[in-house]
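*Asks:* Next up is a structure, given as structure tokens.
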Amino acid sequence: MAYAPTLAWTPLSGPEEAQIVAAHAARMQRYVDFLSIPSVSAVPEHAADCRKAAEWLAAELRRIGAKRVEVSETGGHPIVVGERIEDPKLPTIVIYGHYDVQPGDPLDLWKTSPFEPIVRDGRMLGRGSADDKGQIVIHLAALEALLSTRGKLPVNVKYLFEGEEESSSVNLERWMAANPERCSGDAVIISDTGFFEGNLPALTVGLRGITYMQVDVRNSDVDLHSGGYGGSVINPANALAAMIASLHDENRHITVPGFYDDVVELSPDDRAAFAALPFSDANYLAGIDAKATQGEAGYSTVERRGGRPTLDVNGIWGGFTGDGSKTIIPAHAHAKISCRLVMAQDPAKIALQVEAALKAAAPRGLDVEVRNLGNGYPFLTPLGDPYLKAAAGALKETFGADPLYLREGGSIPIAALFQRELSLPVVLLGFTPPDDNAHAPNESMDLGNFEGGIRAVIRALDAVAALR
Ligand code: BES
Ligand code: ZN
């Protein structure tokens with residue numbers, strides 16, 4: 001994949017700029033140290049590494065001058081909190097990032113080992129460099145620059161760094177309910193999104209929700225000889241493939257009964273906004289070395305990605321998958337299936353509908369078990385939000401262009417939780433380049449986005465202070 005050139009950004013005019021420049025080498029070393037901890041939340045063997053990353057972050061927050069820093073238990077991987085309450089009269093901003101990362105594999109496709117980060121071609125290369133440790137380091141650097149030059153922040157901040165975002169934030173809602181004071185404030189900044197194709201500055205205003213499930217189907221107690229049983233008993237792998245195939249029609253609409261009932265259709269204005277984005281299907285495909293787009297009939301690629309729901313197989317297995325051939329009818333077969341959801345779909349309701357549709361499509365006699373592995377609500381924030389405008393101004397001053405407003409396809413469960421449960425305005429202020437290879441081999445962060453991100457966070461906090 002071709003890398004975009006390092007992005008340009010405008011330095012700050014105050015004394016913070018000199019501090020940020022002077023701290024460059026130390027900051028890069030800390031960035032490397034943080035990325036070197038393999039805090040993969042989905043893999044139980046990495047639980048100790050998740051804790052190590054949490055402790056590392058807590059130590060950084062304390063070193064820089066955050067107060068009430070704590071590694072807080074969730075029942076799963078801990079959440080790191082800390083704060084600076086400068087003056088109760090100032091607005092309080094909750095700042096969110098996640099320190100957990102996706103697994104590193106497949107390792108053979110990496111240019112470096114995923115947890116031995118290196119700087120190459122103006123980018124930090126390593127798992128979590130963009131999603132999302134790099135963005136946490138941006139906030140730490142901004143905090144350090146402000147405290148060491150002004151001795152205080154322009155607003156109150158509460159940091160909340162999660163360790164289970166990449167595994168559907170399963171313990172987060174309960175933790176938030178048990179720790180309301182750590183989550184309260186006037187607005188939330190979530191830094192876990194990025195810029196648009198061409199590395200154009202952007203603010204994400206919409207995210208899709210998600211429901212994730214595992215389907216296990218079983219017919220016999222052991223694999224069977226396909227000569228003796230082929231054609232005369234249910235083949236679970238064939239059956240599962242047919243069940244899954246039945247969930248879409250020829251127009252790529254999802255056939256699950258009730259699936260679209262709560263979908264808010266794209267308005268003419270929404271569609272005009274999607275159409276106005278400087279997006280090219282050809283570049284999109286070239287970026288992943290693929291030949292064709294595919295999706296729901298009647299929608300453009302950006303609409304399909306940010307404005308329409310999906311049902312996708314994430315993994316499918318069963319039977320014989322080794323080298324050579326083995327003639328069997330598998331005893332069982334399995335799939336991981338997720339739906340990306342849009343306003344105002346309810347993930348728990350969709351999970352039940354998909355389960356029912358899979359069971360209805362199964363041949364009589366096949367055992368079908370469906371387990372829900374996680375849910376997150378979709379998110380959409382109004383364009384007129386004053387905090388969003390403050391962030392837009394900070395991006396313009398830093399990167400020289402008005403940001404694009406995006407409805408993105410990914411999910412960040414906490415965004416809707418803050419909005420739905422706590423009625424807080426949420427700004428998704430993220431800095432990753434579009435070619436960051438998040439979740440894939442050779443994840444990287446453009447160091448222009450990273451350095452500019454530090455300046456933009458400082459400008460955004462100053463702009464929020466000026467809202468009062
Ligand atoms: N940073 C992403 C979310 C994202 C991706 C936002 C693309 C905008 C565009 C985040 O870390 C992530 O990957 N989230 C998961 C959440 C899921 C496991 C519940 C996702 O979207 O798959
Ligand atoms: Zn992610």
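Listed here are the residues, each with its yes/no results for (1) farther than 18 Å from residue 182 by Cα; (2) surrounded by fewer than 19 Cβ atoms within 10 Å (Cβ to Cβ); (3) within 16 Å of ligand 2 (Cβ to nearest atom).
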| position | (1), (2), (3) |
| --- | --- |
| 88 | no, yes, no |
| 96 | no, no, yes |
| 100 | yes, no, yes |
| 103 | yes, yes, yes |
| 161 | no, no, yes |
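*Asks:* Quick check: anything in the stretch 164-178 away from ligand 1 (no atom under 16 Å from the Cβ) and part of a loop (DSSP other than H, G, I, E, B)?
*Replies:* Within the stretch 164-178, not a single residue is away from ligand 1 (no atom under 16 Å from the Cβ) and part of a loop (DSSP other than H, G, I, E, B).
*Asks:* Another one. Quick check, is residue 224 in contact with a strand residue (DSSP E or B) (Cβ under 6 Å, 6 or more places away or on another chain), more than 11 Å from ligand 1 (Cβ to nearest atom), of a type in the set (A, V, I, L, M, F, W, C) and open to solvent by 20 Å² or more (accessible area, probe 1.4 Å)? Walk me through how you get there before you give the answer.
*Replies:* On the way: in contact with a strand residue (DSSP E or B) (Cβ under 6 Å, 6 or more places away or on another chain): yes; more than 11 Å from ligand 1 (Cβ to nearest atom): yes; of a type in the set (A, V, I, L, M, F, W, C): yes; open to solvent by 20 Å² or more (accessible area, probe 1.4 Å): yes.
Spelling it out, residue 224 is indeed in contact with a strand residue (DSSP E or B) (Cβ under 6 Å, 6 or more places away or on another chain), more than 11 Å from ligand 1 (Cβ to nearest atom), of a type in the set (A, V, I, L, M, F, W, C) and open to solvent by 20 Å² or more (accessible area, probe 1.4 Å).
*Asks:* What pairs come up if the first residue lies in the stretch 157-178 and is under 14 Å from residue 72 (Cβ atoms), the second is within 16 Å of ligand 2 (Cβ to nearest atom) and among the hydroxyl-bearing types (Ser, Thr, Tyr), and their beta carbons are under 6 Å apart, counting only those six or more places apart or on different chains?
*Replies:* 160/96; 161/99; 163/41; 163/99; 164/41
*Asks:* Another question, then. Between a first residue in the stretch 288-316 that is over 16 Å from residue 341 (Cα atoms) and a second residue that is open to solvent by less than 50 Å² (accessible area, probe 1.4 Å) and hydroxyl-bearing (Ser, Thr, Tyr), which pairs have beta carbons less than 7 Å apart while being 6 or more apart in sequence or on different chains?
*Replies:* Going by the 7 Å Cβ cut-off, the qualifying pairs are 293/301.
*Asks:* Do we find that residue 197 is among the acidic types (Asp, Glu), touching a helix residue (DSSP H, G or I) at 6+ places or on another chain (Cβ under 7 Å) and within 16 Å of ligand 2 (Cβ to nearest atom) in this structure?
*Replies:* On the way: among the acidic types (Asp, Glu): yes; touching a helix residue (DSSP H, G or I) at 6+ places or on another chain (Cβ under 7 Å): yes; within 16 Å of ligand 2 (Cβ to nearest atom): no.
In short, no.
*Asks:* Now for a separate question. For residue 73, indicate whether it is out of contact with any Lys or Arg (no Cβ under 9 Å at 6 or more places or on another chain) and open to solvent by 30 Å² or more (accessible area, probe 1.4 Å).
*Replies:* Values: out of contact with any Lys or Arg (no Cβ under 9 Å at 6 or more places or on another chain): yes; open to solvent by 30 Å² or more (accessible area, probe 1.4 Å): yes.
So residue 73 passes the test.
*Asks:* Only one of (1) touching a Leu at 6+ places or on another chain (Cβ under 8 Å); (2) open to solvent by 70 Å² or more (accessible area, probe 1.4 Å); (3) over 22 Å from residue 237 (Cβ atoms) is not met by residue 316, so which one is it?
*Replies:* Every condition holds for residue 316 apart from (3).
*Asks:* Does at least one position in the stretch 129-143 carry a residue that is out of contact with any Pro (no Cβ under 8 Å at 6 or more places or on another chain), closer than 18 Å to residue 446 by Cα, among the small types (Gly, Ala, Ser) and more than 16 Å from ligand 2 (Cβ to nearest atom)? Steps first, answer last, please.
*Replies:* If we filter the stretch 129-143 for residues that are out of contact with any Pro (no Cβ under 8 Å at 6 or more places or on another chain), which is where we start, we get 131-143.
With closer than 18 Å to residue 446 by Cα added as a condition, the list becomes 131-142.
Add one more test, that the residue is among the small types (Gly, Ala, Ser), and what stays is 134, 141-142.
Now restrict to residues that are more than 16 Å from ligand 2 (Cβ to nearest atom): 141-142.
Among the residues of the stretch 129-143, at least one is out of contact with any Pro (no Cβ under 8 Å at 6 or more places or on another chain), closer than 18 Å to residue 446 by Cα, among the small types (Gly, Ala, Ser) and more than 16 Å from ligand 2 (Cβ to nearest atom), which makes the answer yes.
*Asks:* Taking into account only those residues within the stretch 163-214 that are of a type in the set (Lys, Arg) and surrounded by fewer than 22 Cβ atoms within 10 Å (Cβ to Cβ), which is farthest from residue 372 (Cα to Cα)?
*Replies:* Here is the first cut: in the stretch 163-214, the ones of a type in the set (Lys, Arg) are 174, 182, 208.
With the extra rule that they be surrounded by fewer than 22 Cβ atoms within 10 Å (Cβ to Cβ), the set shrinks to 174, 182.
Working: 174: 17, 182: 29 Å.
Residue satisfying both the conditions and the ranking: 182.
*Asks:* All but one of (1) over 30 Å from residue 404 (Cα atoms); (2) of a type in the set (A, V, I, L, M, F, W, C); (3) open to solvent by less than 70 Å² (accessible area, probe 1.4 Å); (4) within 26 Å of the chain's Cα centre (by Cα) hold for residue 328; state the number of the condition that does not hold.
*Replies:* For residue 328, the exception is condition (4).
*Asks:* Has the stretch 340-359 got any residue that is touching a residue at least 12 places away in the same chain (Cβ under 8 Å) and on the phi > 0 side of the Ramachandran plot? Spell out how you get there, then give the answer.
*Replies:* Taking the stretch 340-359 and keeping what is touching a residue at least 12 places away in the same chain (Cβ under 8 Å), we get 340-351, 353-358.
Narrowing the set further to residues that are on the phi > 0 side of the Ramachandran plot leaves none.
The answer is no, given that none of the residues of the stretch 340-359 is touching a residue at least 12 places away in the same chain (Cβ under 8 Å) and on the phi > 0 side of the Ramachandran plot.
*Asks:* Does residue 328 satisfy the condition of being more than 22 Å from residue 213 (Cα to Cα) and touching a strand residue (DSSP E or B) at 6+ places or on another chain (Cβ under 7 Å)? I'd like the intermediate steps shown before the answer.
*Replies:* On the way: more than 22 Å from residue 213 (Cα to Cα): yes; touching a strand residue (DSSP E or B) at 6+ places or on another chain (Cβ under 7 Å): yes.
For residue 328, the condition - more than 22 Å from residue 213 (Cα to Cα) and touching a strand residue (DSSP E or B) at 6+ places or on another chain (Cβ under 7 Å) - is met.
*Asks:* Which strands (runs of 3 or more DSSP E) sit wholly inside the stretch 396-468 and have at least 2 residues that are modelled with pLDDT of 95 or more and of a type in the set (Val, Ile, Thr)?
*Replies:* Once the strands (runs of 3 or more DSSP E) in the stretch 396-468 are filtered for at least 2 residues that are modelled with pLDDT of 95 or more and of a type in the set (Val, Ile, Thr), what remains is 426-428.
*Asks:* Here is a further query. Taking the stretch 137-159 as the search range and keeping residues that are out of contact with any helix residue (DSSP H, G or I) (no Cβ under 7 Å at 6 or more places or on another chain) and open to solvent by less than 10 Å² (accessible area, probe 1.4 Å), which one is farthest from ligand 1 (Cβ to nearest atom)?
*Replies:* Going through the qualifying residues, I end up with 156.
*Asks:* Okay, moving on. Which residues, counting only those in the stretch 411-434, are surrounded by 22 or more Cβ atoms within 10 Å (Cβ to Cβ) and either away from ligand 2 (no atom under 14 Å from the Cβ) or of a type in the set (A, V, I, L, M, F, W, C) (or both)? So that I can check it myself, show each step before the final result.
*Replies:* Keep residues of the stretch 411-434 that are surrounded by 22 or more Cβ atoms within 10 Å (Cβ to Cβ), which gives 411-415, 417-418, 426-433.
Within the stretch 411-434, 412, 414, 415, 417, 418, 426, 427, 428, 429, 431, 433 meet the criteria.
The values are calculated or read from the model by the stated rules, or taken from the named source; none is laboratory data. Since the structure is predicted, the reported quantities are computational estimates derived from the model, not experimental observations. Here the Cβ is made from the backbone with ideal geometry for all residues, glycine too, and neighbour counts use every protein chain on show. For accessibility, only protein heavy atoms count, side chains too; no ligands or nucleic acids. Shrake-Rupley method; radii C 1.70, N 1.55, O 1.52, S 1.80 Å.
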